[in-house]
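Following: one structure in structure tokens, then a few remarks.
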Amino acid sequence: MSDVRIGQGWDVHRIAPGRPMILGGVVIPSDFGLEGHSDADILSHAITDALLGAAGLGDIGMHFPDTDPRWEGGDSLMFLRHARDLVSANGYQIANVDSTVILERPKLKDHRAAIRGKLAETLGLGVDQVSVKFKTAERLGPVGEGLSAEAQAVVLLSRK
Ligand code: C5P
Ligand code: MG
């Protein structure tokens, strides 16, 4: 296996009233949230898939089937911790994570520090190794119409 490995992840969830909005393990004040079997934390899901992808270990559904009642309403930081441990057990460390949440509203930039801090703590990284960016979809498509939210992530692993 090579000394460095790259991974990519993506996720989408429907927006729904009466649901919490949790991004990177941080509760975002909002009058609507994201629908899903787990806590619907799209950002944690995208980063989990990027980690699993970089290590060649399949995807989040393979490790945490959404038919399994154990994961219902689950804390998605648990998925991240599991992926972090698998990466480490396979002889790699995380060099950095970069990510983007695409959501029309609410504005997320005031929550950036909290999200980066929570993700860094969960992954055992410095805050400088975890980047979180936000974009609207310029009112285009399902994200732009406020029907859904998406997250994308890339990670780089290096051999320990
Ligand atoms: O999508 P747009 O290019 O208009 O986003 C401009 C900036 O607004 C982003 O760089 C980000 O800092 C911020 N933003 C945000 N919350 C969102 C979408 C964008 O804070 N939901
Ligand atoms: Mg998801």
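Given an 8 Å cut-off on Cα distances and at least 6 residues of separation, report the relative contact order of the range 4-159 as a percent.
Working: 359 pairs, mean separation 52.3, N = 156.
After rounding, I find 34 percent.
Which distance in Å, rounded to a whole number, links the C-alpha centroids of the range 1-80 and the range 90-160?
11
What does the helix-only formula give at 222 nm for the chain: each DSSP H stretch with n ≥ 4 adding -39500 (n - 2.57), the total divided by the residues, and the result rounded to the nearest 500 deg cm²/dmol? Numbers along the way, then the final one.
On the way: 5 runs with 46 residues, N = 160.
Counting only the DSSP helices, I get -8000 deg cm²/dmol.
Size of the dipole of the range 4-159 about the Cα centre, Lys and Arg at +1 and Asp and Glu at -1 on the beta carbon, nothing else charged, in debye to 20? Show your work: numbers first, answer last.
Numbers: 16 positive and 20 negative charges, 101 e Å.
The calculated dipole for the range 4-159 is roughly 480 debye.
Where does each of 12-18, 112-118, 51-57, 135-141 land if you order them by average Cβ count within 10 Å, highest first?
Values: 12-18: 15.0, 112-118: 17.9, 51-57: 20.4, 135-141: 12.3.
Going by the mean number of other Cβ atoms within 10 Å, highest first, we get 51-57, 112-118, 12-18, 135-141.
Helix hunt in the chain: which complete DSSP H runs extend at least 30 Å axially by C-alpha with mean Kyte-Doolittle at least 1.0? Before the final figure, lay out each step's value.
Working: long enough: none.
Helices passing the filter in the chain: none found.
Given 0.36 nm per residue, what is the gain on full extension from Val27 to Asn90 after removing their alpha carbon distance, in nm?
Details: separation 63, 0.36 × 63 = 22.68 nm, distance 3.17 nm.
Residue separation times 0.36 nm, minus the Cα-Cα distance, leaves 19.5 nm.
Can you work out the FRET efficiency for the pair Lys160 and Asp98, with r the C-beta to C-beta distance and R0 = 22 Å, to the nearest 0.05?
Working: r = 21 Å, r/R0 = 0.95.
In this case the efficiency is close to 0.60.
How do the peptides 30-36, 100-106 rank, highest first, by the average count of neighbouring beta carbon atoms within 10 Å per residue? Each step should come with its number before you reach the end.
Details: 30-36: 17.1, 100-106: 18.7.
Result, highest mean Cβ count within 10 Å first: 100-106, 30-36.
Each reported figure results from applying straightforward, stated rules to the coordinates on display, with no laboratory input. Remember, predicted model here, so these are calculated numbers, not experimental data. Every residue, glycine among them, receives a Cβ derived from its backbone with ideal geometry; neighbour counts consider all protein chains shown.
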